[in-house]
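Right, one structure below, let's go through it.
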Amino acid sequence: MLKAVILIGGPQKGTRFRPLSFEVPKPLFPVAGVPMLQHHIEACSKLPNMKEILLIGFYQPNEELNRFLSCTQQDYKISVRYLQEYAALGTGGGIYHFRDQILSGSPEAFFVMNADVCSEFPLPEMVDFQKEHGDAYSFVILGTTANRKQSLNYGCIVENEQTDEVLHYVEKPSTFVSDIINCGIYLFTPEIFQHIGAVFQKNQQDMLLYYDEGEEQSNGWHRAEVIRLEQDIFTALAGQGKLYVYKTDRFWSQIKSAGSAIYASRLYLNQYHQTHPERLATNREGGPKTRGPNVSIGTGVTIGAGVRVRESIILHGATLQDHSCVLNSIVGWGSTIGKWARVEGTPSDPNPNDPYAKIDSETLFRDGKLTPSITILGCNVNIPSEVIILNSIVLPHKDLNRSFKNQIIL
Ligand code: GDD
Ligand code: GTP
């Protein structure tokens, strides 16, 4: 039997996703028309012996999350539960804290996945790879190739090319280590908790040595429970014959910024031709004619005559009035774009001539200037007719009265 854990983080993360993350927790932001996490859940549910999916994070459970849980349980006929950490325990601390829940029912192995990635999720391949490469004492990391410069933003893996064993692991190195990067998708056996447990014990001992009596106990406990899989576990397991890398050349990308959500949507929309043709628009007789690449349209969106949209995400309840044009933008829930208005951003796509380029998690400012990026309209923004909004971020509930270029409109 198998299980899966998805690390969804919590509210203080996802700052690069503002203002969109004000309305919906980043893991539920729609990518190719469905919440980001649903792609992970669907991939897991396709494994015949997958019994349960646990979401671990420190979001306060809300209606939206509960609705998502019950819908996915029904749609995929699998148990999906949310386990809330009392504080951010790190990528290893959360799974250690909830180890009894993960191990109940005695799974032979379980996946752990970062929520903020998009991937073809080669999970069956990872299961087979684990069987070939090891025993109950070995673990698998999904890896892919990045270019040298971009590799520095990821966990980097040096492998033994014959055996695929991980010889060195360095999280976000400051100089080049390897072009094989960690995709944030792992296959563990229950044995992993021995290793995380050892780090926990050590942290506790360090606390005792370090703090005087009288230091608040619970605080010390909390800090001992914060464990990072990458720095605390993988770095130590590398070269011990326990950690292996399964390399994929299928699509994979991080989803850190709003721009990368548009990019991830494109990857999943391409996949829909095989996996979900029903989710793609059809040009029915008498219906609206649609064409053009990479557009996701939410429910209850009104689109007028002569509107053009490409490389964009239009969230539910938005209105695009006649002849408006939306390019490389995200239009927030309930926003309205007036007639003949133009909302345009600059894409942040990876260089197509570099096969190993990844999308840059762009910084908001460079040289004191807002870097040109996709345009984001927060929820309930009104754009009047005949104006141009270029490379701008508009916070929710704004009624604009003129054109804007390269601005954050607060
Ligand atoms: N539950 C929980 N608790 N989840 C967490 C916590 C925590 O305290 N901290 C982070 N996460 C979740 C995030 O929501 C995200 O899904 C994932 O863990 C990793 O987030 P980060 O810690 O921000 O790391 P990163 O995305 O910069 O880098 C990681 O992913 C890369 C691949 O996308 C690392 O694993 C890199 O090595 C890897 O290359
Ligand atoms: P493709 O034909 O898909 O290859 O696009 P393109 O390379 O010709 O360029 P672009 O994406 O800039 O847009 C061209 C189309 O968008 C034309 O059909 C225009 O009529 C339409 N378009 C461009 N700007 C606007 C605008 O401000 N408003 C409206 N309604 N349409 C526009």
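The values are calculated or read from the model by the stated rules, or taken from the named source; none is laboratory data. Treat the numbers as computed from the prediction; the structure is a model and nothing was measured. All Cβ positions, glycine included, derive from the backbone under ideal geometry; neighbour counts span all protein chains shown.
Below are the figures for this structure:
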quantity	calculated
Test: residue in the range 92-111 that is touching a residue at least 40 places away in the same chain (Cβ under 8 Å), closer than 25 Å to Leu269 by Cα, assigned by the TED database to the domain that holds Glu225 and not in a loop (DSSP other than H, G, I, E, B)	yes
Options Cys44, Cys71; residue that is in contact (Cβ under 8 Å) with a residue 40 or more places away in the chain and not in a strand (DSSP E or B)	Cys44
Flag if Leu69 is under 18 Å from the mean Cα position of the chain (by Cα) and more than 16 Å from ligand 2 (Cβ to nearest atom)	yes
Residue under evaluation Pro30, criteria (1) surrounded by fewer than 17 Cβ atoms within 10 Å (Cβ to Cβ); (2) more than 26 Å from Ile196 (Cα to Cα); (3) touching a residue at least 40 places away in the same chain (Cβ under 8 Å), criterion not met	(1)
Restricting the range 350-382 to residues that are in a loop (DSSP other than H, G, I, E, B) and in contact with a helix residue (DSSP H, G or I) (Cβ under 6 Å, 6 or more places away or on another chain), the residue that is surrounded by the most Cβ atoms within 10 Å (Cβ to Cβ)	Ile374
Enumerated strands (runs of 3 or more DSSP E) restricted to the range 285-345, each holding at least 3 residues that are within 12 Å of ligand 2 (Cβ to nearest atom)	308-310, 325-327, 342-344
Flag for Arg284 being out of contact with any Pro (no Cβ under 8 Å at 6 or more places or on another chain) and at pLDDT below 95	yes
Subset of the range 383-410 (residues that are touching a Lys or Arg at 6+ places or on another chain (Cβ under 8 Å), hydroxyl-bearing (Ser, Thr, Tyr) and surrounded by 15 or more Cβ atoms within 10 Å (Cβ to Cβ))	Ser392
Whichever residue in the range 308-323 is free of Cβ contacts under 8 Å to residues at least 40 places away in the same chain, in contact with a Gly (Cβ under 7 Å, 6 or more places away or on another chain) and not hydrophobic (A, V, I, L, M, F, W, C) and, among such residues, is nearest to ligand 1 (Cβ to nearest atom)	His316
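Every residue, every condition in (1) among the aliphatic types (A, V, I, L, M); (2) surrounded by fewer than 23 Cβ atoms within 10 Å (Cβ to Cβ), yes or no:
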residue	(1), (2)
Ile8	yes, no
Arg16	no, yes
Leu20	yes, no
Lys26	no, no
Ala88	yes, yes
Gly93	no, no
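Every residue, every condition in (1) in the same structural domain as Ala88 (by the TED database); (2) of a type in the set (Lys, Arg); (3) within 14 Å of ligand 1 (Cβ to nearest atom); (4) modelled with pLDDT of 95 or more, yes or no:
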| position | (1), (2), (3), (4) |
| --- | --- |
| Gly14 | yes, no, yes, no |
| Arg18 | yes, yes, no, no |
| Ser21 | yes, no, yes, no |
| Leu37 | yes, no, yes, yes |
| Ala43 | yes, no, no, yes |
| Glu63 | yes, no, no, no |
| Leu69 | yes, no, no, yes |
